[in-house]
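Below is one structure, written out as structure tokens; the observations come after it.
What follows is calculated from the coordinates using simple rules that are stated; it is not laboratory data. Small disclaimer: the values here were computed from a predicted structure and weren't measured. No Cβ is skipped: glycine too gets one built from the backbone with ideal geometry, and neighbour counts run over all protein chains shown.
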Amino acid sequence: MSKYRSLAERSRGTKSLSRPLASEDVLQDDLASLPPLLTPHELATLLRIPLKTLYQWHYLRTGPEAFRVGRHLRYRRSAVARWLDDFTV
């Protein structure tokens, strides 16, 4: 038996593909209950996206506006809300 699992075996337990996307109302309510400065991990959890995606958006400057506190990346809650409003369908 191979020590490497096939793609089918690896994706069997994947829950991220089956979970529902967060609605705009839920995001706005959740956002209001968070602190004024968000860590990348908090924002990725709120948006239900991989942390790597959030860092990629930051690199490409397509995500919410961020700034650094020392070497740590932070997002203003108001900037995230504004970014979400710009992309609502």
Quiz item: Which whole-angstrom value gives the distance between the alpha carbon centres of region 30-51 and region 65-89?
Solution: 10
Quiz prompt | Local net charge near Tyr55, Cβ-Cβ under 15 Å (Lys/Arg +1, Asp/Glu -1) | solution = +3
